[in-house]
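Written below as C-alpha cells is the structure these notes are about.
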Amino acid sequence: MVSRIIQNGIIPNLKVEGNLAYTVDPVYGISRNRVSAECAKTLIRINGLEGNDYTGLVEKLLNWLLEKQNPDGSWNEVHVKYNHPSALITSIVGEALVDGYLLLKDERFEKAALRAKNFVLTNQFSPGYFKKSSIYVADHLNVDATCGAFLAKYGKVFSNQECLDAARTTAEHICRNQFSDGAFPYTNENKGNYQYCMNVPCVHYQGVTLYYLLKIIDSLDSEWLDPEFEKGVKWLAAVQFPDGKFDWSKSGLMFAYYLSGAYAFAVPCFMYGTKWNSGYSENAEKALKVLDANVKDIVNRWESGSVLSFPASVFTALNTANIGNYPVSHRLFRFGYGMYRQFARRRFSNSVNPKLFNILSGIMNINTSTVEPDNNFPDLFMTSEVLDCLSYSISRQIKN
C-alpha cells in the first residue's frame, strides 16, 4: 500500500525545482510543510526496500523545508484559510530533519533541528503542555504527544537530557488526563480560545495520541508507559466493529468525524498492543483493509459510506451529538454537523466546492480555519499522515 501510494499519489504531485522538491495539493493547490516532511520521513524509512533509492529525493524535500523555516526556528501550519507558526508542525518537521541528518549526515539539518527544538521548548506553557500555534492555545493532548515525540527523538540522537526529561514529563501529563476507560480527550479542561471545551473522546485522535506516545516509548527505550498505553489500545479495540470499521457514535469530536486516517494511526498502536494480546494483530489487519478500501491513488478525506446506510447514520450522529456536557443548542449544532459529514462522505469528487459550507458557516456565525466541502475528495494531507504511520510500522517491524 505504501509503495502504491508513493508511486501513484505522491510522485505525481511532487514539484522538483533544482535541488528542491515539495508537494502541491491537487485539490487546493497549496504546499504544506507537514505533508512534505511526512513524505520525507516515509521515504527515509523505506529507502532501499524493494531496490528503491530515494536518497536524492529526500535531500531535495528537506532542502525545501530548510527554506521554509522561520527566523524563530518554527514552521507554519498551512491550511486553506490558515497559515501561522506552530509548535505542532515544527515538531513534525523537526523529526524529519533528525531522520534526514541520520541518513545524510548533513550538518544543515542538525542545525535546523536544534532551532526547532528551541522553538518547541519555548512554546511549552507548563510541564507537558505545548501551545499548538499563535491562534490555537488550548491544551491539545495530541499536540503535546507530537511535541514530546520530537523532543524524545532529538534527545536520544543528540544526547540532550533536557529534551529527554521534557518528553517524559509530557507523557506523564498526557496520561494524567486519560479517562478511566482508556480514552484520551482531544483537549483537557483548558479550552483555550474555543467556545466550548473539547474534553471528549475521539476515535481519530485516540490513534494520533497513542501513535506519538509510542514514538516517545521507542525513543526513551522504556516501557514505563505501558499500563496507560494498554488501556488506550483496549479502548480503541472496543470501538472497532468485527468488519474493521470504527464505531463513530463513540467519537465526540465533530471536525475529526470519520477521518480515514484513523485507521492508519491505529495500525502501529494495535501492533504494539500485541505484546499483551496477540489478537490485536487481527485488529490491525482489519483496520488496514478498511483503509485500503478508501485509497485510490490518494487517500480519501473521510471513510466512505453507501447510500443505503445513510438512514442508519442518523442514529450514529445523534449518539455522537450527545457526547459531552454541552447545552442543548450546541448539541443541535453537533447533530447538524454530524449529518452534514454523513452526507458529504457518501459523495465523491476530485474537486471541492465550499459554497454550501460557507453559506452554512455564515448563517451559524462560525469561524473556521478549514473548509468542509459537501463531498468526499482525495486528500494529500490525509495521505501523508497515512504514509507516516504505515512506514513507521514497517520500520519498527524491521528493527524488531
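The values are calculated or read from the model by the stated rules, or taken from the named source; none is laboratory data. Worth saying up front: this structure is predicted, and the values here are computed from it rather than measured. When we count neighbours, we look across all protein chains shown, and the Cβ atoms used for this are built from the backbone with ideal geometry, even at glycine. We work out accessible area using only protein heavy atoms, side chains counted, and drop any ligands, DNA or RNA first. Shrake-Rupley method; radii C 1.70, N 1.55, O 1.52, S 1.80 Å.
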Could you tell me the extents of the chain's C-alpha atoms along the three principal axes, largest first, rounded to whole Å? 56, 43, 42
Rounded to one decimal in Å, the inverse mean reciprocal Cα-Cα distance for the stretch 119-256, i.e. its Kirkwood radius, is 15.2 Å
Computed over the chain: relative contact order in percent, which uses C-alpha pairs under 8 Å that are six or more apart: 16 percent
Please list the equivalent ellipsoid semi-axes of the stretch 53-171, computed as the square roots of five times the alpha-carbon gyration tensor eigenvalues, in descending order and whole angstrom. 22, 18, 11
Projected area averaged over orientations for the stretch 114-163, convex hull of C-alpha atoms, nm²: 3.2 nm²
Could you pull out the longest piece of the chain with no exposed loop trypsin sites (Lys or Arg not before Pro) in it, calling a site exposed if DSSP puts it outside H, G, I, E, B and it has at most 14 other Cβ atoms within 10 Å? 106-274
Computed log₁₀ I(q)/I(0) - Debye formula, equal Cα scatterers, no solvent, the stretch 270-353, q 0.23, 0.26 Å⁻¹: -1.02, -1.11
Quick one: angle between helix 55-68 and the longest Cα principal axis of the chain, in degrees between 0 and 90, rounded to 10, please. 70 degrees
So the carbon and sulfur contribution to the accessible area of the chain, 1.4 Å probe, in percent, is 53 percent
Using amide H atoms built 1.01 Å from N in the peptide plane, name the residues 5+ places from residue 240, or on other chains, whose amide H lies under 5 Å from its own. 247
Give me the accessible area per residue for the stretch 105-399, probe 1.4 Å, as a whole number in Å². 41 Å²
Quick one: which of 15/117; 245/286; 81/296; 132/234; 231/399 span more than 18 angstrom between C-alpha atoms? 15/117; 81/296; 132/234; 231/399
